[in-house]
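The values are calculated or read from the model by the stated rules, or taken from the named source; none is laboratory data. Every value quoted in this text rests on a predicted model; they were computed, and no experiment measured them. Methodologically, a virtual Cβ is constructed for each residue, glycine included, from the backbone with ideal geometry; neighbour enumeration extends over all protein chains shown. Calculation scope for accessible area: heavy atoms of the full protein, side chains included, ligands and nucleic acids excluded. Shrake-Rupley method; radii C 1.70, N 1.55, O 1.52, S 1.80 Å.
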Amino acid sequence: MATEAVVLAAGAGSRFGGGKLLTAYGHGVLLDGALAAAFAAPVRRVTVVTGAEGSRIAEAALAHDPSVQIVDCHDWEEGMAASLRAGIASLPPDAEACMVFLGDMPRVPHAVLKPLCEAVRAGAPAAAPRFGARRGNPVVLSRDLFPEVMALRGDVGARIILDALGERLALIDAPDDGVLYDVDAPEDVED
């Protein structure tokens, strides 16, 4: 199954005060954590969707790995739905699934990536990790859900689509809370 990865990195990070994904984190910048997970996933290629800080985000992504694809989301101000649509629209016609990473989630455990993809390969329309009773990210969406993603509007992600799947959504237990950890404010950045 041809699975692609999309890293959503188009937002302005306004709650953070701007520049969130380029903030120092670990041995690089915050975006590096999401990129490391995306490149560790069993995917054919990785695409980063840029927007608010397009050229700076693209530069950081290409510094992480020159093979990354860059897609600029011109209507990023609409919210996450625009970024998600841009990422899905950029996929090659033979893409059968897409693993969606959020640029502000630097601690996704790599151990959960293969099981997520395998669940969709086995027939689930989508798969998401969970830690405890909470569903997290990244998620894998099968091609069958791409039209629903393309219909999303506003500052919403795929949550409404995943919720509607009910029992058909494959939930994969994660080894730690990295599938829940995201950075919204400066105080969220771990030392």
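Charge tally for residue 22 (other residues, Cβ to Cβ under 14 Å; Lys, Arg +1; Asp, Glu -1): -2. Between 0 and 90 degrees, rounded to the nearest ten: what's the tilt of helix 80-89 against the longest Cα principal axis of the chain? Result, in degrees: 60.
When the chain is described by a simple charge dipole with +1 on each Lys and Arg Cβ and -1 on each Asp and Glu Cβ, the residue from 129, 19, 58 located farthest towards its positive end is 129. Sorting the segments 127-136, 40-49 by their residues' average number of neighbouring beta-carbon atoms within 10 angstrom, most packed first, yields 40-49, 127-136. Its Cα gyration tensor gives region 37-77 an equivalent ellipsoid. The semi-axes, each the square root of 5 times an eigenvalue, are 19, 12, 7 Å from largest down.
With +1 on the Cβ of every Lys and Arg and -1 on the Cβ of every Asp and Glu, and nothing else charged, how large is the dipole of region 19-79 about its Cα centre, in debye rounded to the nearest 20? If you can, show how the numbers build up before the last one.
Numbers: 4 positive and 8 negative charges, 60 e Å.
Charge dipole, region 19-79, about its Cα centre: 280 debye, nearest 20.
Rg/Rh for region 75-141 stands at 0.98; both radii use Cα atoms, and Rh follows the Kirkwood definition.
Run the numbers on region 74-191 and let me know its relative contact order in percent, using alpha-carbon pairs under 8 Å that are six or more apart. Once divided by the residue count of region 74-191, the mean separation gives 37 percent.
Here the spin labels are modelled as points 7 Å beyond Cα on the Cα-Cβ line, and at residue 24 and residue 94 they lie 4.5 nm apart.
What you get for the chain, charging only the Cβ of Lys and Arg (+1) and of Asp and Glu (-1), is a dipole of about 480 debye around the Cα centre. Among 160, 172, 88, the residue with the largest mean-square fluctuation in a Gaussian network model of the chain, with springs joining Cα atoms closer than 10 Å, is 160.
When the chain is treated as a Gaussian network with alpha carbon springs shorter than 10 Å, the biggest mean-square fluctuation among 84, 169, 21 belongs to 169. Cα extents for region 1-107 along the principal axes, largest to smallest and rounded to whole angstrom: 39, 31, 21.
Counting only protein chain heavy atoms and rolling a 1.4 Å probe, the accessible areas of 187, 4, 167 rank, largest first, as 167, 187, 4. Local charge for residue 2 was computed over the other residues whose Cβ lies under 10 Å away, with Lys and Arg +1 and Asp and Glu -1, and equals 0.
Might you tell me the accessible area per residue for region 11-64, computed with a 1.4 Å probe and given in Å²? Can you show the working numbers first?
Numbers: 2330 Å² over 54 residues.
For region 11-64, the per-residue accessible area is 43 Å².
Between residue 12 and residue 156, the simple label model (points 7 Å from Cα in the Cβ direction) yields a spacing of 2.3 nm. Note on region 1-105: with neighbouring protein chains present and a 1.4 Å probe, carbon and sulfur make up 53 percent of its accessible heavy-atom surface.
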